[in-house]
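The values are calculated or read from the model by the stated rules, or taken from the named source; none is laboratory data. Given the structure is predicted, the values throughout are model-derived calculations rather than measurements. Counting neighbours? That spans all protein chains shown, and the Cβs are built from the backbone with ideal geometry, glycine included.
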Amino acid sequence: MKTVIQIAKFIVRVMLFIVLLPLILIYFIIKLWLYKVIFKQQLKKSGMSQDQAALLIKETNITNLLSR
């Protein structure tokens with residue numbers, strides 16, 4: 001009986017992970033996009049040209065977001 005409960009818990013966890021994974025990915029994509037938009041605005045305000053700011057933003061990747 002204990003094994004059946006453990007298997008049921010495992011199946012529920014896997015199903016929950018499958019359902020939540022797309023939501024988590026969407027959250028991180030939106031967060032990365034907002035980070036890039038705000039970063040670019042702040043670079044423009046500080047006096048950097050738009051071309052240089054765009055090049056710097058292209059070099060930005062997900063590790064910058066996760067390290068915050």
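Of all residues in region 1-28, which are over 30 Å from N61 (Cβ atoms) and of a type in the set (V, I, T)?
Scanning region 1-28 gives T3, V4, I5, I7, I11, V12.
Any residue in region 42-60 that's within 19 Å of L32 (Cα to Cα): show its pairings with residues that are of a type in the set (S, T, Y) and part of a helix (DSSP H, G or I) at Cβ separation under 8 Å, as long as the two are six or more apart or on different chains.
Correct list of pairs: T60/Y35.
Against the definition (touching a residue at least 12 places away in the same chain (Cβ under 8 Å) and surrounded by 10 or more Cβ atoms within 10 Å (Cβ to Cβ)), how does L21 come out, yes or no?
It is false that L21 is touching a residue at least 12 places away in the same chain (Cβ under 8 Å) and surrounded by 10 or more Cβ atoms within 10 Å (Cβ to Cβ).
Quick one: in region 1-38, of everything that is modelled with pLDDT under 90 and of a type in the set (D, E, K, R), which residue is nearest to the chain's Cα centre (by Cα)?
Of everything passing the filter in region 1-38, K31 is nearest to the chain's Cα centre (by Cα).
Give the residue that is farthest from I30 (Cα to Cα), with candidates limited to residues of region 56-68 that are surrounded by 10 or more Cβ atoms within 10 Å (Cβ to Cβ) and at pLDDT 70 or above.
In this case the residue turns out to be L56.
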